[in-house]
Each structure stands twice: as C-alpha cells, then as structure tokens.
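Q: Please see the structure below; I have some questions.
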Amino acid sequence: MSGPNEDDNGKLVKFVSFWLCIKQLSSQLFGNLLNSIIADVASECHRIAKLGLDRNLEEEEEELKLSAEARASVADVAAETNGKYVMDIFGQTHPPVANDVFDCMNCGRSVAAGRFAPHLEKCMGKGRKARKATRNSTAN
C-alpha cells in the first residue's frame, strides 16, 4: 500500500517533468522564430542588393559625411573660441562644471554648484552613498 508521501512525490515528479517539457518546447519555438526572422531579413536584403532597388544608399552616405563634417567644424569653433568652455547645440558656451558657490543649509559649508548634490547626499545621510555607508557601519 502506498502512503501519502509516495503519491505526492509522484505528482511532483510529473509536474517537474511537465515544466521541463514546456521549457524545452518554448526554447525550440523561440529558436525557430528567431531563425525564420533572420532568414527573412537576410533574403530581403539580398533581393534589394541584387536588384539594385536601394537607390537612397548614396544619399544616406552623403548625409552621414555632411553631418560628420558639421560636427567637426562645430568642435573646431568651440575649441578656438575658448578651450575650457563647452558649446551646446544652440551655440552658447558654458563651463564644463558650474562655478557658482552655495552654502549648505545643513552644515553651512561653501560648496561648488557642480558638487552640491553629492555633498547633500553625504551631509544629510540620504541617497545611494549614504545608505551604503550606513549598511557598512552596521555590519561591522
């Protein structure tokens, strides 16, 4: 006579083998779909190239060349005007890091604007780095 444990074990074995079968079938289905998509794209690209249907290729290459030249000329102008300042897309120059100085409302220290947010994280004990520090200090 079989006990309740043997019935449960048999059900568990059937359940696990069922899910392994489902996993294997879904993996095969995904592989077949992926192969089909790749074959479709490759054959379409081959057909376009063989028949010469892609006439915009030269235009796209010309646009890419012109945009690269424009980016290079903007970079040259920015470097000539002032070496330390960065030019934005509107042609305005800005320093790479904000130079304004603010007083911290928690500790009263003077902090550069570019470092204000990281300072507040440490000073007020909030944020990513502060949480790491408190975890490390409580673990020791």
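Laboratory data are not the source of any read-out in this text; all were calculated from the coordinates shown. Note that the coordinates shown come from a computational prediction; the quantities given were computed from them, not determined experimentally. Every residue, glycine as well, gets a Cβ built from its backbone with ideal geometry; the counts of neighbours run over all protein chains shown.
Q: What whole-number volume per residue, in cubic angstrom, does the convex hull of the C-alpha atoms of region 8-48 give?
A: Cα convex hull per residue, to the nearest whole number: 22 Å³.
Q: Moving on to the next point. How many nm is it between the label spots at residue 115 and residue 11, if each spot is 7 Å from the Cα in line with the beta carbon?
A: Reported label-point gap for residue 115 and residue 11 is 6.5 nm.
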